[in-house]
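Chemist: Here it is, the structure in full.
Nothing in this text is a laboratory measurement; each read-out follows from the coordinates by a stated rule. Keep in mind that this is a model prediction, so the values were computed, not measured. Please note: Cβ atoms are built from the backbone with ideal geometry, for glycine as well, and neighbour counts cover all protein chains shown.
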Amino acid sequence: MTVTGDAGALPGEVDRVAFGIVREAVTNAVRHAPQAAEVRVSLVREPGLLRVRVTDDGGTRPAGERDRAGGQGLRGLAERVRALHGDLDAAPGPDGFVVTAELPLDTADARRTGERAPDRARVPGFGERSAGGVADGGGVAGGGAGHG
């Protein structure tokens with residue numbers, strides 16, 4: 001895990017969503033890429049923004065071979081990221097699966113305006129997933145490192 005920038009406290013909702021992204025991506029790597037030798041987590045804090053990136057080196061399977069019995073973890077996270085006016089992308093990468101997110105740190109102003117977050121989350125291949133969920137807990141800034 002690498003952390004770049006100020007590792008101090010994050011706004012509560014951003015912290016919970018970032019923790020959920022990491023928890024879900026790591027869980028998915030364990031579940032769907034057991035051959036992966038490494039899962040990398042990167043947190044980059046910039047002024048007004050937290051970038052989260054989780055990659056594994058477990059290779060990719062063709063779309064027809066993907067496990068369709070999973071839950072809605074990434075879909076639920078995409079909704080939570082949109083609510084913060086952020087972006088989420090989850091897709092196969094060159095060596096495995098890659099999950100990236102950009103979370104604005106100044107979410108209070110966005111919520112106060114009552115504006116609906118634009119539909120920018122992209123989670124290809126997960127539209128067929130059945131019921132599931134994302135549990136809250138832990139935190140990225142508080143040392144939590146998992147993605148569920």
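Chemist: Treat the count of other C-beta atoms within 10 Å as a stand-in for reagent exposure and order VAL52, VAL98, VAL3 from fewest to most. Don't skip to the end; give the middle numbers.
Modeler: Details: VAL52 26, VAL98 18, VAL3 13.
If I rank by nearby Cβ atoms, fewest first, I get VAL3, VAL98, VAL52.
Chemist: Going highest first, how would you order 21-33, 5-17 by mean Cβ packing within 10 Å? It would help to have the intermediate numbers written out before the result.
Modeler: Working: 21-33: 21.5, 5-17: 15.8.
Highest mean packing first, the order is 21-33, 5-17.
Chemist: Further question on the same structure: For VAL98, which sequence-distant residues (separation of 5 or more, or a different chain) have an amide H within less than 5 Å of its own amide H, given hydrogens modelled in the peptide plane?
Modeler: ALA91, GLY93
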